[in-house]
Amino acid sequence: MHVTLPVNRARWCDLDWIVDLLTATIVPTALGAWLVPDKRRRPAVIAAVARIWTEHALLFGDAFLLKDGTAATVWFHRYRPIPPPPRYDERLDDASGEHAVRFRRVDHILAARRPVEAHNHLAFLAAPPDADRAGQAAAVLAGSHRYMDNLGLPSYAEVHGPDDIRLYRRLGYRVRHRLSRPDGVTINLLWRPVPSVRINPTTAPARQVRPAGPPALTGPVGVAAAEGVACG
């Protein structure tokens, strides 16, 4: 039986759209305000840092878009340690300036508690606030799982604040740890075991997990070559 899924696996040519969704999601949040207190600079800084990590995910993970383009997920395949983004410190300084120290503090807090077991790491759920935000978030996350579960790894997510906890619980996540951000907001570290039943991989083929070493090619040309996809 053919299964029609609500998501498409993202390609390099979807990068700008995913960054726009992440920016629209993060900017109005308490986390966005703490990372970049300057309201005028906040969208540009958040977008620049989101681009660094989304590019990295397209090399060492996966990203998925709802077919109508209203929401996305960004994942890392952490079946072994992966390197930081190339020239990360330099790029972060260029992107965020004096705010870089705040991004590094959050990076450090999250990395210190990240599981050592092999897992798929949901780095970002991008579902900007609108009238159907809850439905879009549920659809893109559930659709992403239909692909990711074929890798046979548990899933891990870092959820800032209480808004989406009910959604994650419905999809099988449970709280593994809780910690506090520097601004005092609780971060829920969630774990989702490997489901006992997964869809047939022939109906939703999972992309082969790339090794955690440096890719042979980097940047847009390298990703397109690695995927066999030409982005116009």
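The values are calculated or read from the model by the stated rules, or taken from the named source; none is laboratory data. As the structure is a computational prediction, the values presented were derived from the model and not from experiment. Each accessible area value is taken on the protein alone, full model and side chains, heavy atoms only, with ligands, DNA and RNA left out. Shrake-Rupley method; radii C 1.70, N 1.55, O 1.52, S 1.80 Å.
On a C-alpha basis, how far is the centre of region 91-108 from the centre of region 1-58 in Å? Whole number, if you could?
That distance is 16 Å.
Taking amide hydrogens as modeled 1.01 Å from N in the peptide plane, which residues meet the under 5 Å criterion relative to His119, leaving out close sequence neighbours?
Arg78, Tyr79
How much accessible area per residue does region 1-137 have, in Å², with a 1.4 Å probe?
47
Just need the relative contact order of region 13-110 here, percent rounded to a whole number, with Cα pairs under 8 Å and 6+ apart.
With pairs under 8 Å counted, the relative contact order is 26 percent.
Report the rotationally averaged projected area of region 44-141 based on its alpha-carbon convex hull, in square nanometres.
The Cα convex hull of region 44-141, projected and averaged over all directions, gives 7.1 nm².
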